[in-house]
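Student: Have a look at this one.
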Amino acid sequence: MNAKILRLNKAGSPVAWLTRPEAATLVVREMVIWSMGDESLAMYGGYNRLGRRTVLKLPSIVACEGKIHRGSCQPPLENSLLFRRDQHLCMYCGEAHAIAGLSRDHVLPLSRGGKDCWTNVVTSCRRCNNRKADRTPEEAGMQLLAVPFAPNWHEFLYLSNHNVLADQMEFLKARFSRYMS
Ligand SMILES: [Zn+2]
């Protein structure tokens with residue numbers, strides 16, 4: 001129900017997720033150059049004179065004209081994306097937690113000059129985060145279970161949508177890095 005449409009630019013690179021109304025607008029304005037994907041999403045419109053509801057079938061992946069701002073190359077760092085990158089596991093003790101039990105840990109603490117960026121942050125349970133405190137993992141005698149990495153744009157789009165369709169997943173996955181499992 002909450003499935004979205006993957007928007008590509010003219011060159012075929014994914015840029016963003018579209019809601020059904022957003023995608024419908026692009027279709028109606030004839031801004032869709034080509035589309036792909038096996039699945040289609042129905043967009044229901046009003047009722048016609050015969051009392052039938054109009055339905056617009058939207059492709060799951062559309063390439064469109066027009067420039068849209070993709071921001072910097074680095075995806076924004078948000079906890080929800082970070083926790084998904086680390087599969088909701090604490091990167092120190094390896095335990096799975098609900099979102100409320102997780103926190104953002106700076107591998108090199110901010111107080112020691114560490115940056116708030118993808119490659120210096122990991123998902124940590126509150127207990128491990130408290131234990132580590134203002135120390136590096138080495139100083140605290142805690143080992144990181146995985147090296148933190150910055151997701152590429154394909155990975156970011158996957159992380160930012162909880163309802164990726166199979167054909168969209170296949171498209172995005174082709175460009176996942178070796179870090180992403
Ligand atoms: Zn932990």
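Here, each number is a calculation from the coordinates, and none is a lab measurement. Predicted model only: the values in this text are computed from it and were never measured. Here the Cβ is made from the backbone with ideal geometry for all residues, glycine too, and neighbour counts use every protein chain on show.
Student: Report relative contact order for the chain in percent, whole number only (criteria: Cα-Cα under 8 Å, sequence separation at least 6).
Tutor: The value is 20 percent.
Student: Given the DSSP H assignment, sum -39500 (n - 2.57) over each helix run of at least 4 residues in the chain and divide by its residue total; what's the result at 222 nm in deg cm²/dmol, nearest 500?
Tutor: -6000 deg cm²/dmol
Student: Another question, then. Per the Debye formula with a single identical scatterer at each Cα and no solvent contribution, what log10 I(q)/I(0) holds for the range 1-158 at q = 0.09, 0.13, 0.15 Å⁻¹?
Tutor: Evaluating at q = 0.09, 0.13, 0.15 Å⁻¹ gives log10 I(q)/I(0) of -0.46, -0.74, -0.84.
Student: While we're looking at this one, here's another question. Listing M91, M36 from the residue with the fewest other Cβ atoms within 10 Å to the one with the most, what is the order?
Tutor: Listed from fewest to most nearby Cβ atoms, that is M36, M91.
Student: Extending each Cα 7 Å along its Cβ direction at W34 and M180, get the distance between those two points in nm, one decimal.
Tutor: Placing both labels 7 Å along Cα→Cβ, they lie 2.2 nm apart.
Student: Name the chymotrypsin sites (Phe, Trp or Tyr not before Pro) in the range 99-181 that are in a loop by DSSP and that have at most 16 other C-beta atoms within 10 Å, would you?
Tutor: Listed in order of number, the matching sites are F149, F176, Y179.
Student: In which sequence would L110, L82 go, from the one with the fewest C-beta neighbours within 10 Å to the one with the most?
Tutor: Neighbour counts put them in this order, fewest first: L110, L82.
Student: Can you give the % of DSSP beta bridges in the chain that are antiparallel, to the nearest 5?
Tutor: On the way: 20 of 23 bridges.
Antiparallel bridges make up about 85 percent of those DSSP assigns within the chain.
Student: Something else now. May I ask for the distance between the Cα centers of the range 92-117 and the range 145-181, given as a whole number of Å?
Tutor: 21
Student: On a 21 Å Cα-Cα criterion, which of the cross-link pairs K10/K173; K67/K115; K10/K67 come out too long?
Tutor: Result: K67/K115 exceed 21 Å.
Student: Right, another one. Straight distance only, please: which lysines reach the Cα of K57 with their own Cα at less than 20 Å, same-chain residues fewer than 8 apart left out?
Tutor: Cross-link targets: K4.
Student: Next up: Which one, V27, L77, W17, is farthest towards the positive end of the dipole of the chain when Lys and Arg carry +1 and Asp and Glu -1 on their Cβ?
Tutor: Checking the options against the dipole of the chain, the answer is V27.
Student: Further, regarding this structure: Taking 22 Å as R0, compute the FRET efficiency from the Cβ-Cβ separation of R127 and A98 and round it to 0.05.
Tutor: The value I calculate is 0.95.
Student: Something else now. At 0.36 nm per residue, and after removing the present C-alpha to C-alpha distance, how many nm does the segment from L145 to A11 gain when stretched out fully? Don't jump to the answer; show the numbers that get you there.
Tutor: Details: separation 134, 0.36 × 134 = 48.24 nm, distance 3.71 nm.
Value of the extension gain: 44.5 nm.
Student: How large, in Å, is the range 79-140 by the Kirkwood hydrodynamic radius built from its alpha-carbon pairs?
Tutor: On the way: mean 1/r = 0.0875 Å⁻¹.
When all Cα pairs of the range 79-140 are included, the Kirkwood radius is 11.4 Å.
Student: Modelled label-to-label distance, E65 and N2, 7 Å Cα→beta-carbon offset: nm?
Tutor: 3.4
Student: What FRET efficiency, computed as 1/(1 + (r/R0)^6) with R0 = 30 Å and r the Cβ-Cβ distance, is obtained for L50 and D167, rounded to the nearest 0.05?
Tutor: Once rounded, the FRET efficiency stands at 0.35.
Student: When only Cα pairs under 8 Å and 6 or more residues apart are kept, what is the percent relative contact order across the range 79-140?
Tutor: Numbers: 89 pairs, mean separation 21.5, N = 62.
Once normalised by length, the contact order is 35 percent.
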